[in-house]
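S.K.: Let me begin by handing over the structure; questions about it come next.
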Amino acid sequence: MMNCLQSWPEPVVRVQSLAASGIQAIPERYVKPPSHRPLSNSDFSLPQEVNIPVIDFQNVFSNDQRLREEALRCIYRACSEWGFFQVVNHGVSHELMKGVREIWREFFNLPVEVKQEYANSPATYEGYGSRLGVEKGASLDWSDYFFLHYMPVALRNQNKWPATPASCRELVAEYGREVVKLGGKLMKAFSMNLGLEEDFLLDAFGGEENVGACLRVNYYPKCPQPDLTLGLSPHSDPGGMTILLPDENVAGLQVRRKDSWVTVKPAPNAFIINIGDQIQVLSNAIYQSVEHRVIVNSNKDRVSLAFFYNPKSDLLIEPSKELVTVDRPALYPPMTFDEYRLYIRTKGPCGKKQVESLKSPSPCNEC
């Protein structure tokens, strides 16, 4: 399987260049089957006022016990019922959030030949990319991205980060530091809500020096036929959790809620947090990773920053012994994150097929 991850199966097309070329119809490769399109008949839209929970994160560490317990209860409900929530008052500077988003917008607006110097391969996905998965002829999503490693430090190579704009590397390093800190605090809250020691989940990830952390900056260009395609196909995140800095002006993220897709309305200066498959496994499915997708539009492009907070890649991840009982046996076999993420790196985004397939002896062979 690793051999097929050395190079892309066909020439990579930059979606931003396609969009800028003035085409009126999108190429067939980007057209989704009717049932997968944003407004297909199988979607029953929930009322507009429905949104994922918004949590005042500073209350988790309040001296006021009532505020603290209420905030932890809200996080527990969000993790078990939604798989998604937003946090405000999270401790990351609003100026830093705005600055890092703007610097990446500048990067994507550079000439394509400058960005092309950072072109990636499926071996590590590091760099400037335009597809996930290596299946020849696969359906493609309407987006480009830049992917980089932040943790562990041994994998951090700033020479692979953009040298232009000039302050990009410095800002990314500062942003990574702050978001890793926020990730550690969230992990404590998740652990306490499961009735575990507060460092339990972080230790299961290998401890704060060994966690895996990487950043994928998503660029969703304007699209002449947004009703036929998606910026990112439905999937659950394979890692531990994702800390998303959304575009502040344009909504696009949709979360599956029962049989509907809820368009997330970002709260001002909030991060959107979602549970990944690894935390679903460690919690023995008390916490849920949830399918999500991204829609695009014809009027505005979008930039978002997805910061993935993952286990050390060679550690076995399995349901926590404390959460396994006679009535609730272990639902998943032990597996390293390295083994687990090969699936999405080969097949691309695939709904929740991967984590659900682990519950049964038959593997998921099709996508």
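S.K.: Could you compute how much accessible surface LYS160 exposes when probed at 1.4 Å, giving the result in Å² to the nearest 10?
M.R.: 90
S.K.: For segment 23-28, what does the Karplus curve 6.51 cos²θ - 1.76 cosθ + 1.60, with θ = phi - 60°, yield as ³J(HN,Hα) per residue in whole Hz, taken in order and with x for Gly and Pro?
M.R.: 4, 9, 10, 7, x, 3
S.K.: Right, here's the next one. What list of ³J(HN,Hα) couplings, whole Hz, do you get for segment 280-285 from phi and the Karplus terms 6.51, -1.76, 1.60, once you set θ to phi - 60° and write x for glycine and proline?
M.R.: Taking θ as phi minus 60°, the curve returns 4, 5, 4, 8, 6, 6 Hz for segment 280-285.
S.K.: Dividing the convex hull volume of the Cα atoms of segment 257-343 by its residue count, what figure in Å³ per residue is obtained?
M.R.: Working: hull volume 14.1 nm³, N = 87.
Each residue corresponds to 162 Å³ of Cα convex hull volume.
S.K.: Can you pull a Stokes-Einstein diffusion coefficient for segment 43-152 at 20 °C (1.002 mPa s), Rh from Kirkwood over Cα pairs, as a whole number of µm²/s?
M.R.: 118
S.K.: For segment 95-169, which GluC sites (Glu not before Pro) are both in a DSSP coil and crowded by at most 13 other Cβ atoms within 10 Å?
M.R.: GLU117, GLU135
S.K.: So what is the relative contact order of the chain, in percent, for Cα pairs below 8 Å that sit 6 or more residues apart?
M.R.: Worked out over the chain, it gives 22 percent.
S.K.: Express in % the proportion of alpha carbon pairs of the chain at distances exceeding 36 Å.
M.R.: Distances greater than 36 Å cover 17 percent of the Cα pairs.
S.K.: Can you run phi through the Karplus equation (6.51, -1.76, 1.60; θ = phi - 60°) for segment 65-79 and list ³J(HN,Hα) in whole Hz, with x for Gly and Pro?
M.R.: Once rounded to whole Hz, the list reads 4, 5, 5, 4, 5, 5, 5, 5, 4, 5, 5, 4, 4, 5, 5.
S.K.: Based on the Kirkwood radius over alpha-carbon pairs, what is the Stokes-Einstein translational diffusion coefficient of segment 143-277 at 20 °C with 1.002 mPa s viscosity, in µm²/s?
M.R.: On the way: Rh = 17.0 Å.
It comes out at roughly 126 µm²/s.
S.K.: Distance between the C-alpha centers of segment 214-291 and segment 128-205? Whole Å please.
M.R.: 14
S.K.: What's the long-distance tail for segment 89-174, i.e. % of Cα pairs beyond 15 Å?
M.R.: Everything past 15 Å amounts to 64 percent.
S.K.: Write down the Å³ per residue value for the convex hull defined by the alpha carbon atoms of segment 134-176.
M.R.: 124
S.K.: Let me ask something else. Relative to the longest principal Cα axis of the chain, at what angle does helix 337-347 sit, 0 to 90 degrees, rounded to 10?
M.R.: Tilt relative to the chain: about 30 degrees.
S.K.: Once ligands and nucleic acids are excluded and a 1.4 Å probe is used, how much of PHE61 is accessible, expressed in Å² to the nearest 10?
M.R.: Surface accessible to solvent at PHE61 totals approximately 100 Å².
S.K.: Report, to the nearest whole %, how much of the accessible area of the chain belongs to carbon and sulfur atoms, 1.4 Å probe, protein only.
M.R.: Taking all protein chains in place, the chain shows 51 percent carbon and sulfur surface.
S.K.: Let me ask something else about it. Averaged per residue, what accessible surface does the chain expose to a 1.4 Å probe, in Å²?
M.R.: Per-residue accessible area for the chain comes out at 45 Å².
S.K.: How much of ILE279 can a 1.4 Å solvent probe reach, expressed as accessible area in Å² and rounded to 10?
M.R.: 0
The values are calculated or read from the model by the stated rules, or taken from the named source; none is laboratory data. Being a predicted model, the structure only gives us computed values, none of them experimental. Quick reminder, even Gly has a Cβ in these numbers, built from the backbone with ideal geometry, and neighbours come from all protein chains shown. To get the accessible areas, we keep the full protein, side chains included, count just its heavy atoms, and leave off ligands, DNA and RNA. Shrake-Rupley method; radii C 1.70, N 1.55, O 1.52, S 1.80 Å.
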